[in-house]
Amino acid sequence: MGRHDCRAHGRRRRLSPRQYDESDVRVRPGRRSSRPRTKIRPLHEDAEAAMVVSVDRGRWGCVLGGDPNQLVVAMRARELGRTPIVVGDEVDVVGDLSGKPDTLARIVRVTDRRTVLRRTADDTDPYERIVVANAEQLLIVVALADPPPRTGFVERAIVAAYVGGLQPILCLTKSDLAQHHEFASAFADLELPIVLAGATEPIDEIQDTLAGKVSALIGHSGVGKSTLVNRLVPDAYRAVGVVSGVGKGRHTSTQSIALPLPDSAGWVVDTPGIRSFGLAHTTPDDVVAAFADLAEKIEDCPRGCTHLGPPADPECALDTLEGKSARRVEAVRQLLEAVRANESW
């Protein structure tokens, strides 16, 4: 046995046996919990369906089952991350659904949107802003006088409606101050429904048009949109106060808000006054596809066709249409030209 082996053997002999217990175990504290994380999320099978009627600083006003008398305030569940939620969205909510003051529910799901009204700040802005979801109609409110109307805004709003899947309706205010026939004739070949909302005119036709549907109202500031909303919803100011109580109870002039129509299952979504209406998210095919007779024909167009006709598109298949469809082609091309020109309106 070598010298080093003897020393090691001697040390082993001198060590006395020792009993160990849990106090001898040292565990290094960690920053993360030792509990394993799971990717399994709750199914929330007891969630109730609701419609979003207001948005205010991280809080959403939702009506359960579409009933305006069952309003709850909700936050977005953590598992949704930054999922955008806008007025008109159909959602599933859980938690405290009593609607009592200082209670808070959670939005756990957002259903697929059937329609979307979106815009961009201008025609070069890649960021789309969703104005309202799941609206069936877009009421484009335009004043016939003070100042005189221009077609640019209407054309862009019509394009946004077609692309988003909404039915556009032209609503002309101040018709007691000016005739509407000349201005309305510019859109005759689009078969655009037109309703009048002068201060002295009955609104029975508008009420019938909106009944049972979700309709968004859009227009410049000062065209009489707020006046129309107050005629459609006589207690609109009170309703705004209740619904916008989601946050601090401020007036939602900078946010869209859905108001229930009295004696009807319909809703009107009052949107803020529009200063710009960019359409960076649209293409010529999107616009033409809104018309069944034209959508079928553009399948014969050459690649990259903008459907503007000669000289830009000398081989556009839309030029082969006749009669009523041919007149509609000219009306649609006016829309496309208005979008391409991006003129101030």
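The values are calculated or read from the model by the stated rules, or taken from the named source; none is laboratory data. Please read all numbers here as calculations on a predicted model, not as lab measurements. Don't worry about glycine lacking a Cβ; one is built from the backbone with ideal geometry, like all the others, and counts go over all protein chains shown. These area figures cover heavy atoms from the full protein model, side chains too; ligands, DNA and RNA do not enter into them. Shrake-Rupley method; radii C 1.70, N 1.55, O 1.52, S 1.80 Å.
Details
- Spin-label zone in the stretch 177-212 - amide nitrogen under 11 Å from a point set 7 Å from the Cα of Thr151 along the C-beta vector: 183-190
- Ranked by solvent-accessible area (1.4 Å probe, protein heavy atoms only, all chains present), the residues Ser325, Ser226, Ser221 order from largest to smallest as Ser221, Ser226, Ser325.
- Set of aspartates and glutamates with alpha-carbon distance to Lys174 below 18 Å, sequence-local pairs under 8 removed: Asp146, Glu182, Glu201, Asp204, Glu205
- Sorting His281, His307, His181, His220 on solvent-accessible area from highest to lowest, probe radius 1.4 Å, gives His181, His220, His281, His307.
- The stretch 175-199 residues near the modelled Leu321 label - backbone nitrogen below 17 Å, point 7 Å along Cα→Cβ: 187-193
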